[in-house]
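The values are calculated or read from the model by the stated rules, or taken from the named source; none is laboratory data. Everything quoted here is computed from the prediction, not taken from an experiment. Methodologically, a virtual Cβ is constructed for each residue, glycine included, from the backbone with ideal geometry; neighbour enumeration extends over all protein chains shown. Please note that ligands, DNA and RNA were not included when accessible areas were found on the heavy atoms of the full protein model with its side chains. Shrake-Rupley method; radii C 1.70, N 1.55, O 1.52, S 1.80 Å.
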Amino acid sequence: MIDKVKKELEIRFPLLKLVREQHNYLHIKVDKAAAADAVLTAKTSLGFTTLQLISAVDRIENGAFQLTWILENYDEQEILLISAYFPRKNCVVPSLSQIWPAASAFERELFEMFGISFPGNPREGEDFLLEGWKDMPPMRRDFETEEYARRTFGERQPREHTDPRQYIGDVVGEWNTPMGRNREEEK
Amino acid sequence: MYCNQPPKKPGDKKEVLQKITNMARANSLWVTAYGTGCGSIELRPLGTSRFDMERFGIAMRPTPRQADVLIISGYLATKTLKRVIRVYEQIQDPKYIMALGSCTINGGMYFDSYNTLNVLDKYLPVDVYVMGCMPRPEAIIDGFSLLMKKIKEGRAVGWKHYRENLDYYRENQKQIIKNWDLPDYNW
Ligand code: SF4
């Protein structure tokens, strides 16, 4: 049960902070040096063998990326989230792709979207979603998305009116509905 | 009532032949089964028994080589655009593009996204736009009937336009596809 997991983790990592706890859900925060260790412990001795996701949140006001490994114990139907803060500048996080092959894809995505580097991932730096992207990683919060979209995809023309008939007429060049005709007949 | 007009003389042979060809083309639209955005969800009910597009002679084909309509069903990421260009150029002439949803018209609700293009017409020649977010199957059928009308009148010439203005389209495409490595179009 989740209490046992919590106790076990507290013994091994005395510095951990509890974020949230429910009957089959536990979210803890550990120091960044202990993060990989905690994830490995959860896998090898606590039965959390499935890696569901590695997520990152840009905590720009703390100057850090919050990395969260979401693990699942399928037999007990339990979920464990292990978070850690890593400094934002030249962010380096230990890779888990040797342990879970699936982690490789998540790590490549985070590398592209946030610029977080995972040394040890054999496929790091390969194109994943943004092929040939040269700008700042787009999920960082200091990336100006709207400005970038305007620069790359062109200005968007503001709408001058909101009447769909007129709009369709502008685009298609022809628009007459039976409804319109009926209305005229009614008059 | 009877018709007192003198019988119309048939036009010259080529014209008549062209008209017959156009009619045949309009009544056997084969669509590449390729969906890019949320709008492709609406193509499933269109293909199955409730809306049944095969009564109009519209069928789904598994490969672009057998098709003549490409439906861009919603927002288009730049990564997908590269594949779409490839699919489009593999379709045999004559070919038509139908674009669904406000995303393809002016960006829709993804207008400020870092990775989806705003105006599809800059990159591929669109013959018919169908409005809506997302368009219902009825609207798509309406779009198809507009496309048929255009083909019968010989006005659906996007593919000719693409061929003649290839430089313009290529320039726009290369502007947003950063790692351009498609082969040159040869007919
Ligand atoms: S127009 Fe609406 S439904 Fe269609 S792709 Fe855009 S957001 Fe999705």
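The overall shape of the protein assembly as shown, judged from the alpha-carbon gyration tensor, is prolate: a/c is not under 1.5, and a/b is greater than b/c.
Remark on region B:64-111: accessible area falls by at least 40 square angstrom from chain-alone to full-complex state for B:K79, B:N106, B:F111, probe 1.4 angstrom. Straight-line reach from B:K13: taking Cα to Cα under 18 Å and skipping same-chain neighbours fewer than 8 places apart, the aspartates and glutamates in range are B:E153. Take chain B with all the other protein chains still there, run a 1.4 Å probe, and you get 54 Å² of accessible area per residue.
The alpha-carbon of B:K9 sits under 16 angstrom from the alpha-carbons of these lysines, leaving out residues fewer than 8 places away in its chain: B:K19. Of the GluC sites (Glu not before Pro) found in region A:1-97, the ones in coil according to DSSP and having at most 15 other Cβ atoms within 10 Å of their Cβ are A:E76.
For region B:20-176, the square roots a ≥ b ≥ c of the C-alpha gyration tensor eigenvalues yield an a/c of 1.5 or more together with a/b not exceeding b/c, which makes the shape oblate. Between the helical axis of B:78-90 and the longest alpha-carbon principal axis of chain B there is an angle of about 30 degrees.
Restricting the chymotrypsin sites (Phe, Trp or Tyr not before Pro) of region A:1-107 to loop positions (DSSP other than H, G, I, E, B) with no more than 11 neighbouring Cβ atoms within 10 Å leaves A:Y74. Remark: the Cα gyration tensor places region B:114-187 in the oblate category, a/c being 1.5 or greater and a/b not exceeding b/c.
Under the combined filter of DSSP loop state and at most 12 neighbouring Cβ atoms within 10 Å, region B:1-90 retains these trypsin sites (Lys or Arg not before Pro): B:K8, B:R50.
When a 1.4 Å probe is rolled over the protein heavy atoms, the share of accessible surface on region A:2-152 that falls to carbon and sulfur comes to 51 percent.
Counting only alpha carbon atoms, the long axis of helix A:35-46 and the longest principal axis of chain A meet at about 70°. Treating r as the C-beta distance of B:D142 and A:R141 and R0 as 51 Å, the FRET efficiency rounds to 0.75. Rounded to the nearest 10 degrees, the angle from helix A:103-114 to the longest Cα principal axis of chain A is 60 degrees. Within the same chain, lysines fewer than 8 places from A:K134 are excluded, and of the rest, those with a Cα less than 20 Å from its Cα are A:K89, B:K79, B:K82, B:K174, B:K178. Rounded to 0.05, the FRET efficiency of the A:A105 and B:Y168 pair, given R0 = 45 Å and the Cβ-Cβ distance, is 0.75. Taking a point 7 Å from the Cα of A:D75 along the Cα-to-Cβ direction, the residues of region A:1-33 with backbone N closer than 13 Å to it are A:1.
Taken across both chains, chains A and B shield about 2100 Å² of accessible surface from a 1.4 Å probe. Secondary structure note: in region A:2-152, about 80% of the DSSP beta bridges are antiparallel. The residues of region A:2-152 expose on average 52 square angstrom of accessible surface per residue, using a 1.4 Å probe on protein heavy atoms. Projected label points at B:C38 and A:L40, each 7 Å from Cα along the beta carbon direction, are separated by 4.4 nanometres.
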